[in-house]
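Novice: To start, I am sharing the structure in question, which I have written as structure tokens.
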């Protein structure tokens, strides 16, 4: 299956610094683009990284990687001219995502051993590289991000494609759900607030806020960094209730207890820089008691029996009982946030949901089962399988969104290629003698 890929979409790469025991790369400059250099080791390290991620199953094309880096450098050149700015928060978030991705199931310690450095040292190595990648992506978005496509253009694109160019679409599921969330009672809410007040008192009395975050915070990701919310954040990066309190604090000050949809927080501002702050927080989520969870399960089971007895329709049950605000007013229909459709491929579903849907016939309703909402809170769900879409070759009629995305990416690629040709003519580019100078480039104009 051929895929039309938006240029630079694969710029989610980082560089491994290999130990001398593993390989030695005799470095040389293989390209200069504006003020930026590309070295042979940049290509070698990316190839090694891809091999590690794929377990040695993926063979990389050095010339393709080289051209991707050439394009990245020319985008960095454009970004400098346009004064493109990327926030520290964006870089830190992506950095944390990369570290988690590379650590995988084997854990951070094995990854550190493979890299030969501590996590902090790895982060220091990767940070400027990731910043460059985000800046390049931002520059590319300014060129083609606002490109739109008309229905007529989509039809013409589909008509121009050879039959074997239409992709295979994996099987997908569509479903609706009734969500039963156990609401902690007043005593449970008071208990968690009291616990957080006690933690706050300890911090006010001199205990390290960062250490307390590691020990107690339910936000496991920020807890690893002592409760630190990335680097500097702006008001728009935070939920309103949180930012309203955080931006009133002075450096070093610790807030009162703050309630948001995520739970209860205390906040410490570490540093203020203009309209941004560097802050830590400790989050505690109220947890429903066993008795409350049992009551919620019994309520879900009662609804299920009524559904099975046909004394209550699924749509009516959604209106009366579901606690999920996103699907409650849509007859319980769940939308895929990544595609904007109601279709979910198997790999997009958590194992419990996938197992449940596979056990149902279309139109059938499941018994209540334990699941989790988007905040990580345990809930009970009843789901109805509304459709199974078998694997098929994409068509304009059944897969309009997919074909539209293909057509849009094709238009973006064309516009970007035209921009790149003009940019190459205006930019200093030099490829010294090396094996990479002989690459069969997709975009001409690198060699002058």
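The values are calculated or read from the model by the stated rules, or taken from the named source; none is laboratory data. In this text the structure is predicted, and so the values were computed from the model without any measurement. So basically every Cβ, Gly included, is an ideal-geometry build from the backbone, and we count neighbours across all protein chains shown.
Novice: Condition first: part of a strand (DSSP E or B), in contact with a strand residue (DSSP E or B) (Cβ under 8 Å, 6 or more places away or on another chain) and on the phi < 0 side of the Ramachandran plot. Can you find one or more residues in the range 214-230 that meet it?
Specialist: yes
Novice: Follow-up question, since we're still on this one. Just checking, how many residues over the range 243-255 are free of Cβ contacts under 8 Å to residues at least 40 places away in the same chain and over 25 Å from residue 90 (Cβ atoms)?
Specialist: Residues flagged as free of Cβ contacts under 8 Å to residues at least 40 places away in the same chain and over 25 Å from residue 90 (Cβ atoms) within the range 243-255 amount to 3.
Novice: When residues of the range 256-268 are filtered for being in a loop (DSSP other than H, G, I, E, B) and either closer than 22 Å to residue 377 by Cα or at pLDDT below 95 (or both), how many remain?
Specialist: Residues that pass the stated criteria total 3.
Novice: Restricting to helices (runs of 4 or more DSSP H) lying wholly in the range 38-122: which have 3 or more residues that are within 22 Å of the chain's Cα centre (by Cα) and more than 30 Å from residue 439 (Cα to Cα)?
Specialist: In the range 38-122, 88-103 are the helices (runs of 4 or more DSSP H) which contain 3 or more residues that are within 22 Å of the chain's Cα centre (by Cα) and more than 30 Å from residue 439 (Cα to Cα).
Novice: Do we find a residue being outside any helix (DSSP H, G or I), touching a residue at least 24 places away in the same chain (Cβ under 8 Å) and either surrounded by fewer than 19 Cβ atoms within 10 Å (Cβ to Cβ) or in contact with a strand residue (DSSP E or B) (Cβ under 9 Å, 6 or more places away or on another chain) (or both) anywhere in the range 189-204?
Specialist: No, the range 189-204 has no match at all.
Novice: Now, a different point. Taking the range 316-328, which residues are exposed (fewer than 15 other Cβ atoms within 10 Å of the Cβ) and more than 27 Å from the chain's Cα centre (by Cα)?
Specialist: 316, 319, 320
Novice: Please go through the range 269-313 and give me each residue that is without any contact (Cβ under 8 Å) to a residue 60 or more places away in the chain and either touching a helix residue (DSSP H, G or I) at 6+ places or on another chain (Cβ under 7 Å) or part of a helix (DSSP H, G or I) (or both), ordered by number.
Specialist: Across the range 269-313, the qualifying residues are 269, 277, 279, 290, 291, 294, 298, 302, 305, 306, 308, 312.
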